[in-house]
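The values are calculated or read from the model by the stated rules, or taken from the named source; none is laboratory data. Predicted model, so just to flag it, every value in this text is computed and none were measured. Note that we place each Cβ from the backbone using ideal geometry, even for glycine, and neighbour counts take in every protein chain shown. Each accessible area value is taken on the protein alone, full model and side chains, heavy atoms only, with ligands, DNA and RNA left out. Shrake-Rupley method; radii C 1.70, N 1.55, O 1.52, S 1.80 Å.
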Amino acid sequence: MGLHHSELPPEILATLRRGAVIPAHPLALDASRSLDPRRQRALTRYYLDAGSGGLAVGVHTTQFAIRETGLYKPVLEAAAREAADWANRPAVMVAGVAGRTAQAVGEAQLARDLGYHAVLVSMGAMRGASGDELIEHCKAVAAEMPIIGFYMQTAVGGIELDASFWQRFSSIDNAVAIKVAPFNRYRTLDVMRGVVAAGAEERITLYTGNDDHIVADLITPFDIPRARHSDETVRMRFRGGLLGHWSVWTRKAVELLDRIHAAVEVGGPVPADLMALDARVTDCNAAFFDVANNFHGCIAGCHEVLRRQGLLEGIWCLDPEEGLSPGQAAEIDRIYAAHPDLADDDFVAANRERWLS
């Protein structure tokens with residue numbers, strides 16, 4: 001039997017809809033490029049103790065190749081077990097599903113059986129499919145458990161999806177959220193137009209994945225007309241972030257989102273220093289995600305930060321060709337010097353040995 005969002009624990013649904021920091025969970029490997037269970041476990045503990053509202057596992061930052069190396073199930077199992085055993089509060093558990101429809105449905109069934117609450121649907125493998133085929137794909141996954149749409153930027157394998165697609169996606173009853181990550185203002189608005197056109201703004205929660213404008217997304221009210229000739233306008237907001245960027249310096253990300261939520265709830269003008277954080281966070285992301293080299297080192301860049309903090313032993317990826325680009329380490333050095341207040345190295349240092357135990 002499939003899991004419907006109405007069957008989720010109330011506290012899980014409330015956290016998802018309020019908006020949370022949901023780090024995209026990296027993969028901890030040893031020098032032989034095999035899973036390092038101790039450090040994988042330590043990362044999960046770090047995110048939970050940092051205050052994250054959930055975890056996204058089996059997603060791009062976890063490396064899609066875990067499916068070909070037999071690591072998909074063990075990695076999902078480990079995160080679910082640690083979240084249940086370590087945290088003293090419930091966490092929203094999101095599993096990434098990928099591939100053609102049969103594979104994605106099978107992965108959703110596994111995630112449901114492991115106790116996950118929703119799946120993030122990556123559609124890169126459906127490139128070339130028609131709009132109808134994409135929607136049927138999403139419906140098939142939604143029959144198994146709640147789904148989160150994923151507008152992934154084309155530079156790392158995403159496909160362009162227009163407002164009409166997002167309207168049809170948002171009409172799927174078991175769709176609960178969308179991770180908006182095209183790194184493009186126009187396409188970001190397409191998602192919002194689709195949600196509003198479907199009348200789904202109360203059910204669909206928007207999570208930013210736009211690493212180039214994390215703070216701007218979260219503090220901006222988006223006024224979207226209901227229809228072309230309608231006087232009704234719906235105010236949309238991003239409520240949280242499901243981000244690879246938030247897999248590092250996570251404690252500071254939690255503090256940032258708490259501050260943004262407080263400012264939005266109070267209303268009135270957003271403090272200028274909060275607005276100014278958008279450029280600073282984007283500057284950090286440019287180094288971590290290797291924008292200078294078209295995102296080639298985006299996973300390795302996050303690994304490098306975690307390595308410097310002692311959470312990872314090295315920056316190894318499943319693909320030996322994935323690593324830091326020339327000059328990327330120096331860029332990360334620059335970021336550490338320019339934005340020390342955005343780092344959570346002290347928090348990690350105070351807890352690292354406990355997480356690694």
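Once the whole set of protein chains is in place, how much accessible area is left on GLU232, using a 1.4 Å probe, in Å² to the nearest 10?
About 90 Å², ignoring ligands and nucleic acids.
Leaving out same-chain residues fewer than 8 places away, which aspartates and glutamates sit with a Cα under 16 Å from that of LYS252?
Of all the aspartates and glutamates, those that pass the test against LYS252 - Cα under 16 Å, at least 8 places apart if same chain - are ASP49, ASP211, ASP273, ASP278, ASP283, ASP341, ASP344, ASP345, ASP346.
In debye, nearest 20: dipole of the chain around its Cα centre with unit charges on the Cβ of K, R (+) and D, E (-)? Before the final figure, lay out each step's value.
Working: 35 positive and 46 negative charges, 88 e Å.
Roughly 420 debye, rounded to the nearest 20.
Candidates (i) 19.1, 61; (ii) 27.2, 91; (iii) 21.7, 64; which is the computed Rg and Dmax of the Cα atoms in Å?
Correct label, based on the coordinates given: (i).
Please give the per residue accessible area of the chain, computed with a probe of 1.4 Å over protein heavy atoms only, in Å².
On the way: 14190 Å² over 357 residues.
Using a 1.4 Å probe on heavy atoms only, each residue of the chain averages 40 Å².
Of all trypsin sites (Lys or Arg not before Pro) in the stretch 107-185, which ones are in loop regions per DSSP and have a Cβ with at most 14 other Cβ atoms within 10 Å? Provide the component values of the computation, followed by the final result.
On the way: sites: ARG112, ARG127, LYS139, ARG168, LYS179, ARG185; in loops: ARG127.
Sparse-neighbourhood loop trypsin sites (Lys or Arg not before Pro): ARG127.
Take the chain, connect every pair of alpha-carbon atoms lying under 10 Å apart with a spring to form a Gaussian network, then pick out the residue of ALA175, ALA330, ALA79 with the largest mean-square fluctuation.
ALA330
Pick out, from GLY115, ALA102, VAL57, the residue whose Cα sits farthest towards the positive end of the charge dipole of the stretch 55-151, with +1 on the Cβ of Lys and Arg and -1 on the Cβ of Asp and Glu.
About the Cα centre, the residue reaching furthest to the positive side is VAL57.
When only DSSP loop residues count, what trypsin sites (Lys or Arg not before Pro) in the stretch 222-309 have their Cβ near at most 15 other Cβ atoms within 10 Å?
Working: sites: ARG226, ARG228, ARG235, ARG237, ARG239, ARG251, LYS252, ARG259, ARG280, ARG307, ARG308; in loops: ARG226, ARG228, ARG237.
Passing sites in the stretch 222-309 are ARG226, ARG228.
How much length would be gained if the chain were fully extended between HIS4 and LEU356, taking 0.36 nm per residue of separation minus their Cα-Cα distance, in nm to one decimal? Display every interim value, and only then the final one.
Values: separation 352, 0.36 × 352 = 126.72 nm, distance 3.60 nm.
Fully extending the segment from HIS4 to LEU356 adds 123.1 nm.
Please give the length that would be gained between ALA227 and ARG38 if that part of the chain were fully extended, namely 0.36 nm times their separation in residues minus their C-alpha to C-alpha distance (nm, one decimal).
62.8 nm
Taking the Cα centre of the stretch 211-273 as the origin, how large is its charge dipole in debye, to the nearest 20, when only Lys and Arg (+1) and Asp and Glu (-1) carry charge on their Cβ atoms? List each step's numbers first, then the result.
Values: 8 positive and 10 negative charges, 29 e Å.
For the stretch 211-273, the charge dipole is close to 140 debye.
Let me have the 222 nm mean residue ellipticity of the chain computed from DSSP H runs of 4+ only, each contributing -39500 (n - 2.57), with the sum over all residues rounded to the nearest 500.
Numbers: 13 runs with 157 residues, N = 357.
Using -39500 (n - 2.57) per qualifying helix, the result is -13500 deg cm²/dmol.
One quarter of the convex hull surface, Cα atoms only: what value does that give for the stretch 181-228 in nm²?
Values: hull surface 13.3 nm².
Computing the convex hull of the Cα atoms and averaging its projections yields 3.3 nm².
If the chain between ALA262 and GLU321 were fully stretched, how many nm would it gain, using 0.36 nm times the residue separation less the Cα-Cα distance? Before the final figure, lay out each step's value.
On the way: separation 59, 0.36 × 59 = 21.24 nm, distance 4.30 nm.
Length difference between fully extended and current span is 16.9 nm.
Given the convex hull of the Cα atoms of the stretch 99-161, what is a quarter of its surface area in nm²? It would help to have the intermediate numbers written out before the result.
Working: hull surface 15.8 nm².
So the mean shadow area of the Cα hull is 4.0 nm².
Restricting to bridges with both residues inside the chain, how much of the DSSP beta-bridge set is antiparallel, in percent to the nearest 5? All intermediate terms of the calculation are to be shown ahead of the outcome.
Details: 5 of 33 bridges.
Expressed as a percentage, antiparallel bridges in the chain total about 15.
Is there a quick way to get the dipole size of the stretch 113-263? I mean about its Cα centre, with the Cβ of Lys and Arg at +1 and of Asp and Glu at -1; what is the value in debye to the nearest 20?
Working: 16 positive and 19 negative charges, 72 e Å.
With Lys and Arg at +1 and Asp and Glu at -1, about 340 debye.
At 37 °C and a viscosity of 0.692 mPa s, what translational diffusion coefficient does Stokes-Einstein give for the stretch 18-165, taking Rh as the Kirkwood radius over Cα pairs? Give it in µm²/s as a whole number.
Values: Rh = 15.8 Å.
Roughly 208 µm²/s, to the nearest whole number.
Starting from the 7 Å offset along Cα-to-Cβ, what nm value, one decimal, do you get for the label separation of ALA84 and ALA337?
Roughly 4.8 nm, to one decimal.
Enumerate by residue number the GluC sites (Glu not before Pro) in the stretch 1-78 meeting two conditions: DSSP loop (anything except H, G, I, E, B), and at most 13 other Cβ atoms within 10 Å of the site's Cβ.
On the way: sites: GLU7, GLU11, GLU68, GLU77; in loops: GLU68.
Qualifying residues, ordered by number: GLU68.
Please identify, among LEU16, LEU277, LEU311, the residue showing maximal mean-square fluctuation in a Gaussian network model of the chain using a 10 angstrom Cα cutoff.
Highest fluctuation among the options: LEU277.
Counting only protein heavy atoms and using a 1.4 Å probe, what share of the accessible area of the chain belongs to carbon plus sulfur, as a whole percent?
Values: 7240 of 14190 Å².
Answer for the chain is 51 percent, counting heavy atoms of protein chains only.
What is the ratio of the Cα radius of gyration of the stretch 114-207 to 2.2 N^0.38 Å, where N is its residue count, to two decimals?
Ratio of Cα Rg to 2.2 N^0.38 Å: 0.98.
Please report Rg over Rh for the stretch 184-263, where both radii come from the alpha carbon positions and Rh follows the Kirkwood definition.
Values: Rg = 13.7 Å, Rh = 13.5 Å.
Ratio value, two decimals: 1.01.
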